[in-house]
1. Just report the Cα centroid separation between the range 47-89 and the range 200-220, whole Å.
2. Provide the FRET efficiency to the nearest 0.05 for the Glu248-Asp138 pair, computing r from the beta carbons and using R0 = 45 Å.
3. In nm, what is the difference between 0.36 nm times the number of residues separating Lys2 and Asp239 and their Cα-Cα distance?
4. Carbon and sulfur together cover what percent of the accessible area of the range 132-211 at a 1.4 Å probe radius?
5. Which chymotrypsin sites (Phe, Trp or Tyr not before Pro) in the range 175-210 sit in a loop by DSSP (not H, G, I, E or B) and have at most 14 other Cβ atoms within 10 Å of their own Cβ?
6. As an exercise, use a Förster radius of 30 Å and the Cβ-Cβ distance of Met88 and Lys226 to find the FRET efficiency, rounded to the nearest 0.05.
7. Sum -39500 (n - 2.57) across every DSSP H segment of at least 4 residues in the chain, then divide by the residue count to get the 222 nm mean residue ellipticity, nearest 500.
8. With Cα extents along the principal axes in Å in mind, check [x] 62, 46, 34; [y] 49, 49, 36; [z] 58, 47, 37 and report the label derived from this structure.
Amino acid sequence: MKIGIQLYTLRKAAAEDLEGTLEAVKKAGYDGVELAGLYGRSGEEMKALLDKYGLVPISAHIGLGDAEKEDVLDEYKKTGIKYAVVPMTSKPTEQTKDDLSSRIRSAMKKFKDHGFIPGYHNHSYEFEISFDGRTWHDIVMSETPDAMAELDLCWLEVGGGSAVEYINKYKGRAEILHIKDYVGRNKYVKPDGTPPAVPLADGLDFDQRAVGDGVLDLDGIIKAAKECGTEWLIVELDDPAKDTTALECAARSAVNLKAMI
């Protein structure tokens, strides 16, 4: 099992200096990257930069709109990625869910037609919204049986699920896991009763953390991931922990993960 980083974590730095950011990612100990845009490069140019720094092009987040564009998918194909993942959609309602489900299925087909393994990346709402007693996440995954479940373990738990339970639930379909730590209101201790390495500051209700500094059950997650055939643990922070930088959080996450796997 290897570790990667979703470049969205370092989007500001990458927009200013993509090559320098990739060099920093490699120095931090990462094995590969997941893309979220090409930062003005062609697919070939991005592949050449990743090769230069010895980083595996693992996957890309490709939205439903871009999944309909052949030229976009062709450029991602040239980067060498193996997986193409729907990263986020609108929140489904009773009126929109059928159309949204159809668009997700269409995106998965487009990805497969271009030689990618398709995947779906969750946020919290997939576990908060249900129809006829089934969560939206379970509906999406049941309607896309060939798709990888790229579980974002932080948002899964914020939405009310258990990271370890869902990794086991999607055994064989969880080749990539997104791992970011967090602390939230009423989430001040880890499953074993110990406090997070960096507790919530006064006045905060929620804050993302470098891996190891929050309340995720990392021992349980890594054990389940190994047993379920996970290939990549991908660090993704939407925003760095308060009073830190994205690169600091990324580097600390890599050190902590390397020590555990």
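The values are calculated or read from the model by the stated rules, or taken from the named source; none is laboratory data. Just so you know, these numbers come straight off a predicted model, no measurement behind them. Cβ: placed from backbone, ideal geometry, glycine included. Neighbour counts: every protein chain shown. What goes into the accessible areas is simple: the full protein's heavy atoms, side chains included, and nothing from ligands, DNA or RNA. Shrake-Rupley method; radii C 1.70, N 1.55, O 1.52, S 1.80 Å.
1. Going from one Cα centre to the other spans 30 Å.
2. Details: r = 36 Å, r/R0 = 0.81.
With R0 = 45 Å, the Cβ-Cβ based efficiency is 0.80.
3. Numbers: separation 237, 0.36 × 237 = 85.32 nm, distance 2.28 nm.
Between Lys2 and Asp239, full extension yields 83.0 nm more.
4. Values: 1730 of 3520 Å².
Whole-percent figure for carbon plus sulfur exposure: 49.
5. Values: sites: Tyr182, Tyr188, Phe206; in loops: Tyr188.
Here the sparse-neighbourhood loop sites are Tyr188.
6. After rounding, the FRET efficiency stands at 0.60.
7. On the way: 12 runs with 108 residues, N = 261.
After summing the helix terms and dividing by residue count, I get -11500 deg cm²/dmol.
8. [y]
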